[in-house]
């Protein structure tokens with residue numbers, strides 16, 4: 001079993017907290033040293049109390065699923081002797097109301113575009129099998145209840 005650490009750090013500064021007039025911008029610090037600017041989406045908390053240039057939790061959720069899937073795909077492709085030159089995914093998460101006052105990411109669509117090295121490419125059926133196997137192994141996908149679809153481009 002492994003553990004994973006992230007520190008979420010927010011500071012009020014001199015903002016009017018009790019009146020809700022404070023920035024929600026904060027930082028995510030990871031055990032490997034990366035620091036990411038984070039904020040709620042301006043769709044959820046309007047500016048100036050959010051920061052559209054920062055990563056919001058919903059974006060991070062979609063990116064984590066996409067990244068996990070990609071890492072498994074690359075590993076499985078390498079194991080089978082294929083050579084991937086580039087992998088690009090334009091993943092999209094859909095937020096929906098699941099009950100009065102409650103929302104959730106109910107679907108994530110992965111839309112990977114993969115370029116293989118000449119002579120070391122997988123066939124369409126082999127790419128589909130790699131995606132299926134990557135999806136089954138992805139730790140993040142195995143941890144969520146949202147529907148996750150893969151639609152190779």
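Exactly one residue out of 94, 106 is within 16 Å of the chain's Cα centre (by Cα), without any contact (Cβ under 8 Å) to a residue 24 or more places away in the chain and surrounded by 13 or more Cβ atoms within 10 Å (Cβ to Cβ), and it is 94.
Here the condition is being closer than 28 Å to residue 1 by Cα, surrounded by fewer than 18 Cβ atoms within 10 Å (Cβ to Cβ) and either in contact with a helix residue (DSSP H, G or I) (Cβ under 6 Å, 6 or more places away or on another chain) or outside the structural domain of residue 41 (by TED's automatic domain parsing) (or both); of 86, 137, it holds for 137 alone.
Matching residues to (1) exposed (fewer than 11 other Cβ atoms within 10 Å of the Cβ); (2) touching a residue at least 12 places away in the same chain (Cβ under 8 Å); (3) under 19 Å from residue 148 (Cα atoms); (4) in contact with a strand residue (DSSP E or B) (Cβ under 6 Å, 6 or more places away or on another chain):
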residue: 16; (1), (2), (3), (4): yes, no, no, no
residue: 33; (1), (2), (3), (4): yes, no, no, no
residue: 70; (1), (2), (3), (4): no, yes, yes, yes
residue: 73; (1), (2), (3), (4): no, yes, yes, no
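For segment 113-134, the count of residues that are within 29 Å of residue 10 (Cα to Cα), buried (at least 16 other Cβ atoms within 10 Å of the Cβ) and either at pLDDT 95 or above or not assigned by TED's automatic domain parsing to the domain that holds residue 25 (or both) is zero.
The values are calculated or read from the model by the stated rules, or taken from the named source; none is laboratory data. Because the structure is predicted, anything quoted here is derived from the model rather than measured. All Cβ positions, glycine included, derive from the backbone under ideal geometry; neighbour counts span all protein chains shown.
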